[in-house]
Every structure is written in C-alpha cells, then in structure tokens.
Amino acid sequence: MLDEFESSARLLPSLDEKKESAPSSGDQKAAAPPKDKAEKAASRPSHDDKIVDRPFRVKLRGSVLVLLRLPNKRSVRGAFHQLSTSGGVIHLEKPLDEKLVVELIFHIQEKTIRNKAQMLFPMWATQGWMQPFRFVDLANEGREVLDASLKLFLGNASKSAAAGTAS
C-alpha cells in the first residue's frame, strides 16, 4: 500500500519545479486579469461570427403522422417525435439506410407539406427506431409555411395545456 502512494507522489511536481514554473513579479503585472467590465469584454474572444440562428424545435411526440415515399416508390409510415424547419426526428418501426433521400408527406394544422429529406443515422428506441433527418432543397416559401404551421401548432398546444391545468 505504501508503494502505491509513493508511486503516485512521483507524478506530482516537486517544490523546485513549482518555483520554476511560477511567473516572476514582472510577469504577474502583464498577466493580471482586466479589472474593468469594458476591459473584460474587450479581452474576450468575439463569437459573433459563429452565432447561427438555429430554428426552434417542436416536440410532437408522435402526434403528427408522416408518410415516407422511398426511391423505389414504396411507402413507410412513421410519426414525428421532433420537427423544425431544418429537419427533425421520426419514430419508425424499422430504420432506413443512412443518407437515403425520401419524400416526406405530412399534415400539420391545415397545411399539407411535401418535401424531400435525407435520412441520418438511426438510434434504437424501446419500441422501434428514432431516425433523424434533414430537409433537402426546402424552398423559402415551404420553409415559411412550415415555420408558421409549427408556431400555430405550438400556440394551440400551449393553450390546450393551459386549459387542462386550469380546470
């Protein structure tokens, strides 16, 4: 047991090494952290270039059904688990191949949306598979219709939830 402690102690830096790695008093002034809020903001790296406006996601949990038209013209049924204007997650009985381009047909509110999507790597779920996808070549007007429908769906869902808790 003593040997284990001695061997791990060898991994720690000795006091001589600590003194060598400590900055001198002249270096401490140069490396002092900024004291002013403006100085702190100026010293932080700017992440404005990397901020991407990510579309909001709606958790549907199977309440919206979807028909997937495969390239061989066969159809597979599924249910949306999550949906956004860039893609989502579909609950399927059996997974589809990754990178397969399918046509999604679904109704949300009073709108029927038909668009191509690329299937991504599936994840096993307790009952079936969760398979993410991303929309391919979704036109701006199609994206706007989907965005408006999702916001309307989200508004109706929150109203019904509030009405359910109020009674």
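Computed from the coordinates by the stated procedures, all read-outs in this text should not be read as laboratory data. Note that this is a predicted model, so its numbers are computed, not measured.
Rounded, prolate or oblate: pick one for region 74-151, where a ≥ b ≥ c are the square roots of the eigenvalues of its C-alpha gyration tensor, a/c under 1.5 means rounded, and failing that, prolate if a/b is larger than b/c, else oblate. Because a/c hits 1.5 or more and a/b exceeds b/c, region 74-151 counts as prolate. Counted residue by residue at 0.36 nm each, then reduced by the alpha carbon distance between them, the extension gain from residue 109 to residue 57 reaches 17.1 nm.
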